[in-house]
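See structure below.
The values are calculated or read from the model by the stated rules, or taken from the named source; none is laboratory data. Keep in mind that what you see is a predicted model, and the values were worked out from it rather than measured. Cβ coordinates were reconstructed from backbone atoms using ideal geometry, including for glycine residues, and neighbour counts include every protein chain displayed.
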Amino acid sequence: MKICVIGGGNIGTAMSACFSQNGHDVTIYTAKCNEFCGEIEAIGIESEKSFIARIAVTDDLSVATKDVDMICITYPSFMMKDIFEDLRGLMNPDVIVGVIPGTGGVEFLKNILSEQIIFGLDRVPCIARLKQYGKSVYYSMKKSIRIAALTSGQTERICDIFGDALGVKCIALKNYLTVTFTPSNPILHTARTYTMFSNYKEGILYDRNFLFYKEWNDSASEVLLAMDNELQQICSALSKMDLSDVIPIYEHYESQTVQQLTAKLGSIASLAKITSPMKEVQSGFIPDFSSRYFTEDVPYGLTILKGFAQIAGVKTPFMDKVLRWNGERLGEKYIDNDGNILLNSRCIIPQKFGINSVSAIYDLYNC
């Protein structure tokens, strides 16, 4: 199979290497193609075993997508609309387009690529971090991944194609809203950053960059579980949709208490070296509010969940608290004083795409 991977970052590089290792013809589309040499060393995080994968690289999208069977987009959510528009007209209708992960409001953009079958993963398929850009990457593939297609009836077929290509078990989800509601970065990252930096003021310096997961604490677990409970309330309010695949945090991490969740997140070996969104300044470290933990996980993540909550009539005091704090840090206002989502905010919410009622939600996701 001929595959184009859009994005040469952590996940794009690791996926490309694995596709190539499994015998597929892979091209990475990236603006930094001059930093690639045609070979990628992929190194197992736990095993430290490695392999060399041959890939093609280009900064010409028409070349990258020529005669491909599948395109996998690993761009951040704020770039998704632009890349969809750039792809329009470059492919025949048989090409399937995957977004990794498929959160961030992908479904609101499907009309741009109306002829394509679009699918999304609920989470990234592997933990990955670059050792050297364009040359080597550490990775740890997950045991299974979950997929939903935006085109009715195509999910099972996509699972077979993508799973075979990447060499991983794929589980078909019942609907795409399950991908959007997956309790991952929009509440996982924001719970941690909120509790880590809630007392930060200009002039405060930290003596080091904290380990994001390894030093996870009970305060972050409490906020995470509270927001996850609000998310489950939204699922319950949308009673005509089967959202049973939106697995609660305590179940996903096999942790029944705050303390157990803290211990679990702090013990995951593949996440142990991940640092926090901080930057070094003279004499110490400060939060990096330009990080995707803030600029993506909030306006392309948590605000989407809040938008659905408002449509479904679900109160979300913990999400509101985190949204207000992030808005203050970023010079934005996501909700008003009563907790209502604001249409004039620079964020993605279903209301901006004409989804203003529960029936409209059902229409979008049951197509």
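The figures follow:
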quantity: Considering residues of the stretch 343-367 that are surrounded by fewer than 16 Cβ atoms within 10 Å (Cβ to Cβ) and of a type in the set (A, V, I, L, M, F, W, C) only, the residue farthest from Val298 (Cα to Cα); calculated: Cys367
quantity: Residue list for the stretch 198-226, restricted to those being within 23 Å of the chain's Cα centre (by Cα), not small (Gly, Ala, Ser) and not in a loop (DSSP other than H, G, I, E, B); calculated: Leu211, Glu222, Val223, Leu224, Leu225
quantity: The stretch 344-366 - residue that is in a loop (DSSP other than H, G, I, E, B) and over 23 Å from the mean Cα position of the chain (by Cα) and, of those, nearest to Asp320 (Cα to Cα); calculated: Asn344
quantity: Counted residues, the stretch 14-44 - those being out of contact with any Phe, Trp or Tyr (no Cβ under 8 Å at 6 or more places or on another chain) and either β-branched (Val, Ile, Thr) or not assigned by TED's automatic domain parsing to the domain that holds Cys72 (or both); calculated: 2
quantity: Which listed residue, of Ala191, Ala172, Ala148, is under 29 Å from Lys315 (Cβ atoms), assigned by TED's automatic domain parsing to the domain that holds Cys72 and of a type outside the set (Phe, Trp, Tyr); calculated: Ala148
quantity: Any hit, the stretch 239-251, residues being within 27 Å of Lys315 (Cα to Cα), under 19 Å from the mean Cα position of the chain (by Cα) and not in a loop (DSSP other than H, G, I, E, B); calculated: yes
quantity: The stretch 130-174, residues that are in a loop (DSSP other than H, G, I, E, B), touching a Phe, Trp or Tyr at 6+ places or on another chain (Cβ under 7 Å) and buried (at least 22 other Cβ atoms within 10 Å of the Cβ); calculated: Leu150
quantity: Qualifying positions in the stretch 300-357 - among the aliphatic types (A, V, I, L, M) and closer than 16 Å to Ala237 by Cβ; calculated: Ile304, Leu305, Ala309, Ile311, Ala312, Val314, Met319, Ile341, Ile355
